[in-house]
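Report on the following structure.
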Amino acid sequence: AQSVTQLGSHVSVSEGALVLLRCNYSSSVPPYLFWYVQYPNQGLQLLLKYTSAATLVKGINGFEAEFKKSETSFHLTKPSAHMSDAAEYFCAVTSSLNAGGTSYGKLTFGQGTILTVHP
Amino acid sequence: NAGVTQTPKFQVLKTGQSMTLQCAQDMNHNSMYWYRQDPGMGLRLIYYSASEGTTDKGEVPNGYNVSRLNKREFSLRLESAAPSQTSVYFCATSTSDRRNGYTFGSGTRLTVV
């Protein structure tokens, strides 16, 4: 089975400060990991992905994330927050493997972290 | 390039009414999914279709049915709507290996009164 835990349902930062959104995953097979962003009243947009290549991955809007197998983590960071970064962020895990009858074939989402950016 | 299109965008139903949410994609993806999103609960999988001609239950299938009409279209039906089905519904698509994650539609906001 696979699961995702996002630590902190709400994170608040000042404009220009470091953004750190935490994600820990559980997977019995090599994972694919994703971060999505959702702006109010919109669908989910892919920020970045890890699919077993480089462990430090860069995404859109200046975000990056590092895959740490030993810590089963995939935390999202941005050096300097901007007001436009205010949104809800979702971490998700899946795998390329299909272990028959299990949940491996699908994307499992964390419960989301709402990022607030203060002027 | 529309990607994933969901209709309608908004709907209000009375308890007991039925409706079908439509999803169409032009991504040429094999796999399609229906999720519901509720505050504090993230996204929960209702049904999915790994490929044309197959459908399977997700985490929360009760009260829903699906049809994979062809490769492009995947519909979600509520036979007898209940207030507990008030939610935002998202359709998503992916390649079979999910290497690029999912592509999402813009959602259908459903209220059951």
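The values are calculated or read from the model by the stated rules, or taken from the named source; none is laboratory data. None of the values given here were measured: they were computed from a predicted structure. Note that each Cβ is placed from the backbone with ideal geometry, even for glycine, and that neighbours are counted across all protein chains shown.
Tabulated results
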| quantity | calculated |
| --- | --- |
| Scope region B:1-59; condition aliphatic (A, V, I, L, M) and more than 19 Å from A:Gly43 (Cβ to Cβ); matching residues | B:Val12, B:Leu13, B:Met19, B:Ala50 |
| Filter result (outside any strand (DSSP E or B), more than 10 Å from chain B (Cβ to nearest Cβ) and touching a residue at least 12 places away in the same chain (Cβ under 8 Å)) within region A:1-53 | A:Ala1, A:Gly8, A:Glu15, A:Gly16, A:Ala17, A:Leu18, A:Ser28, A:Val29, A:Pro30, A:Pro31, A:Tyr39, A:Pro40 |
| Output for region B:41-54, where each listed residue is of a type outside the set (Gly, Ala, Ser) and either over 17 Å from B:Thr95 (Cβ atoms) or surrounded by 14 or more Cβ atoms within 10 Å (Cβ to Cβ) (or both) | B:Met41, B:Leu43, B:Arg44, B:Leu45, B:Ile46, B:Tyr47, B:Tyr48, B:Glu52 |
| Conditions (1) within 15 Å of the chain's Cα centre (by Cα); (2) closer than 30 Å to A:Ala53 by Cβ; (3) within 8 Å of chain A (Cβ to nearest Cβ): number failed by B:Asp97 | (1) |
| Every residue from region B:32-49 that is in a loop (DSSP other than H, G, I, E, B) and facing chain A (nearest Cβ under 8 Å) | B:Gly40, B:Met41, B:Gly42 |
| Unmet criterion (only one of (1) surrounded by fewer than 20 Cβ atoms within 10 Å (Cβ to Cβ); (2) modelled with pLDDT under 95; (3) within 10 Å of the chain's Cα centre (by Cα)) for B:Lys57 | (3) |
| Tally of residues being in a loop (DSSP other than H, G, I, E, B) and under 13 Å from the mean Cα position of the chain (by Cα) across region A:54-64 | 2 |
